[in-house]
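**Student:** Attaching a single structure in structure tokens format; questions to follow.
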Amino acid sequence: MRYACLLACVGIFGSWGELNAQSRKISFTYRDVPLKTILKDIEDQSFYSFVYSDKIDVNKTVTLRVVDLELDEALKMLFAAVGLNYKITDTYVVVYHPDATSARQAAQQNIRITGVVTDETGQPMPGVNVTLKGTMTGVISDHSGKY
């Protein structure tokens, strides 16, 4: 009985933590900084990771000031400034071009997804399972962390 109660409490507080992470406020000021730098800083200030295709120009420079805004509002401002859209799914922020209608349609196309799995220090992580959410499609990262 104690274990059931403990699991219920963990589930309740775990769900609250995910909801609370989205309402966490962030601040930043940038002048002519590459989008990839801003995305990295937001990852550092939040519990979210950004996912985007190589067609997204993350070297595009951005000038933007955000002071004490919830993550969703800050992302609206950021991506409006660079002409992109986003969708928050679990702990990921999927960034896409406005002409991409949905992740499901993109998945139905023959798209190759690649990347590198790294730890907090930037070191590659071999042998990590990487799956396409909602599917049975997946791979394991190689000795360099690439998939």
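The values are calculated or read from the model by the stated rules, or taken from the named source; none is laboratory data. Everything quoted here is computed from the prediction, not taken from an experiment. No Cβ is skipped: glycine too gets one built from the backbone with ideal geometry, and neighbour counts run over all protein chains shown.
**Student:** Just one of the numbered conditions (1) within 17 Å of PRO98 (Cα to Cα); (2) loosely packed, with under 15 Cβ neighbours inside 10 Å is not true of TYR52; which one?
**Tutor:** Failing condition for TYR52: (2).
**Student:** Right, another one. Please go through segment 44-53 and give me each residue that is touching a residue at least 12 places away in the same chain (Cβ under 8 Å) and of a type outside the set (A, V, I, L, M, F, W, C), ordered by number.
**Tutor:** Let us first name the residues in segment 44-53 that are touching a residue at least 12 places away in the same chain (Cβ under 8 Å), namely 45-53.
Correct list: GLN45, SER46, TYR48, SER49, TYR52, SER53.
**Student:** Tell me, please, whether a residue that is modelled with pLDDT under 80, within 19 Å of ASP90 (Cβ to Cβ) and in a loop (DSSP other than H, G, I, E, B) can be found in segment 101-114.
**Tutor:** Within segment 101-114, one or more residues are modelled with pLDDT under 80, within 19 Å of ASP90 (Cβ to Cβ) and in a loop (DSSP other than H, G, I, E, B).
**Student:** Here's a follow-up. Pull up segment 115-127, narrow it to residues that are modelled with pLDDT of 90 or more and surrounded by 11 or more Cβ atoms within 10 Å (Cβ to Cβ), then point me to the one that is nearest to ASP54 (Cα to Cα).
**Tutor:** Across segment 115-127, the extreme among qualifying residues is VAL116.
**Student:** I've got another one for you. Taking only segment 25-43 into account, find how many residues are over 24 Å from ILE113 (Cα atoms) and free of Cβ contacts under 8 Å to residues at least 24 places away in the same chain.
**Tutor:** Residues that pass the stated criteria total 0.
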